[in-house]
Structure formats: C-alpha cells, structure tokens
Amino acid sequence: MADIDTFLKFMQTRHSVKKIFVLFMAVIILQTNSVFARTINQGDKNMSRTDICKKNYKELFKGEALPSTGDDPEMMAILQKYIFGEVFTVGELDIKTREMLTVTSLAVQQTLPQLKAHINAALNVGVEPVELREAIYQLAPFIGFPKTLNALNILNEVFKERGVKTPLKSTVTVSEEERFIKGEAIQKPLYGQEIEESMKGLPENMGANVSKFLTEVCFGDFYSRDGLDLKTRELLVISILVTTGDTAVLKSHIKGNLKAGNTKETITAAIIQCLPYVGFPNTLAALRTAKEVFAK
C-alpha cells in the first residue's frame, strides 16, 4: 500500500509540474508573439516615405516606383513619394477606399489617362467591378451626364482589356413608380427638406420640379442602387465636392456623412486623400468647411 501511495503522489506531482511547464511555455509564446508584433509595427512606423511609397505603389500598380528613366523622373519622384509615401498614411482608410476616392476625383476632373491607371489600380487591390461602376454612375447628379459618360467609356475600356464581361449585372432596386418614394426615404433622414425649402419662391413654382428631380434622380435612381452601401456613397460624394470646390454643398454632405455613420476622422482623411489630385486651395477650403460642421 505504501508503495502505491508513493507512486500516486509522484504521478500527481509530475502532472502538476507538467501543467505548470505548459502554462509557462504558453506565457513565453504569447510574450514572444507580442514582442514580434510590436517589432513589426515599429518597423512599419520607422519605414521611410520612400519605402512606404514603393510598397504601396507595387500593390496598386504591380510595378516599381521612382523610375530613373523617362522625361521627368524628378517630378515622378516628388509625386509618387508625396502621394503613396505620405498622403496614403494619413487616417485609417483602407487602400480600396483610397482608390475609390481617387477614381472619383479623377473622373470629376476628366483627367482620363490618370483615371484609367487608377481604375486598374483599384481592381488590383480588390475593388469589385460593380463598385467602380456604381462610383462612376453616381457622378451624374453632381457633374452631369456628359462627363459621367466620358468616365464610363474609360471604365468599360479597362473592363474589356481585363476580360470583365459587360454589361455588369443590374443593381436597380426601384420601379418607375417607386423612384420618388424610395428616393425620399433615403434623402429625408440625411437632408430633411432643405432642398425643397431652398427652391421655394422661383417663378411658377418651378423650384418644386427641381426638388422633385433631385429626389427621384439623385436618391431614387442612384443612391437606391445595390453595389455600394450608403456610407460609401456618401464618402465618395465628399471626393466629388472637394474636387469641384463647392463648399456650400460640401457642408451639407459632411452633415449627411455623419448621419450615414461616417466618423469625423474618416471624413477628414477622405478630404486629405483628394489633396494631391486637386491641390491645396480646394482641400484647405474643404477642411475649413469640415471644421465648421464638426464644431457644431
């Protein structure tokens, strides 16, 4: 009996020691992983803007940044390090959102060669064809149909080159009879009656027609479509209005963005993402407008 008792105590002690050893090793592994993770993060923070530029550029365009060839390598070096090495680090926007904001701004400006390059870049980083189509479609109420069609031509050209079959699937969600009702259901929670009120007093009440068109077309025909959620649609409108420089309408859409669920930080980062493409005057004006809205 004594021998058996001794054996059992030995096994229990051995089991306890084993448990302690396993727990000890687990702690060591967790601490090691934590240190490793911090090392990676610190390494990212310590990367030069040149390194960050090269990393982002390769992901977007599948090529090497900062070429030493061509007619203007110095301009390209300034441009690429500024955009992909600095502006791309501001805020918490993911690379897909950054490219959709960029595509939107370039389409508004009708800078079609650059638009084509960034449509390809957007597809390279995982933006879906239908998302790009919706981003371009949504331009129409803000910049008109002719410029929107120009941008669509470039989009479809890229699709054909990449073997994307067109037309893409339909994302229409409203019938002809529902345009106003469904448009108003999207518009009112974000903007209330502000357009309707601002159009009152025009001759023969023609302002009511304009207000109705806005509800039916902007919100009924476009905002109601599948392919992009409301938060993304509103964020892309920020890019449109920063690019056009219309701070009065931008103020309204910053408020709409907040109601749609975008944060002040996201809105600010979206404005700054437009900076290399529209320049400092439009961007600074947009940031001042955002500050006014945020303060209230």
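The values are calculated or read from the model by the stated rules, or taken from the named source; none is laboratory data. In this text, all values refer to a predicted model and were calculated from it rather than measured experimentally. Side chains included, ligands, DNA and RNA excluded: accessible areas come from the protein's heavy atoms. Shrake-Rupley method; radii C 1.70, N 1.55, O 1.52, S 1.80 Å.
Rolling a 1.4 Å probe over the heavy atoms of the protein chains gives the stretch 65-166 an accessible area of 46 Å² per residue. What is the distance in Å between the Cα centroid of the stretch 254-296 and that of the stretch 157-230? Computed from Cα coordinates, the inter-centre distance equals 23 Å.
What the phi angles of the stretch 94-108 give under the Karplus curve with 6.51, -1.76 and 1.60, with θ = phi - 60°, is a coupling list of 7, 5, 5, 5, 4, 5, 5, 5, 5, 4, 4, 4, 5, 5, 4 Hz, glycine and proline written as x. The HN-Hα couplings worked out from phi for the stretch 290-296 by the Karplus form 6.51 cos²θ - 1.76 cosθ + 1.60 (θ = phi - 60°) are 4, 4, 4, 5, 4, 5, 8 Hz, whole numbers, x standing for Gly and Pro. Of all lysines in the structure, those lying under 20 Å Cα to Cα from Lys96, and not within fewer than 8 positions of it along the same chain, are Lys54, Lys55, Lys58, Lys62, Lys81, Lys116, Lys231, Lys264.
Let me know the whole percent of all Cα-Cα pairs from the stretch 146-296 that are separated by more than 28 Å.
Working: 3397 of 11325 pairs.
Taking all Cα-Cα pairs of the stretch 146-296, the fraction more than 28 Å apart is 30 percent.
When a 1.4 Å probe is rolled over the protein heavy atoms, the share of accessible surface on the stretch 137-296 that falls to carbon and sulfur comes to 57 percent.
On the protein heavy atoms, probe 1.4 angstrom, tell me the percent of accessible surface of the stretch 51-101 carried by carbon and sulfur. On the stretch 51-101, the fraction of accessible area on carbon and sulfur atoms equals 52 percent.
Any idea of the accessible area per residue across the stretch 237-296, 1.4 Å probe, to the nearest Å²? Let's see the in-between values first.
Details: 2570 Å² over 60 residues.
Normalised by residue count, the accessible surface of the stretch 237-296 is 43 Å².
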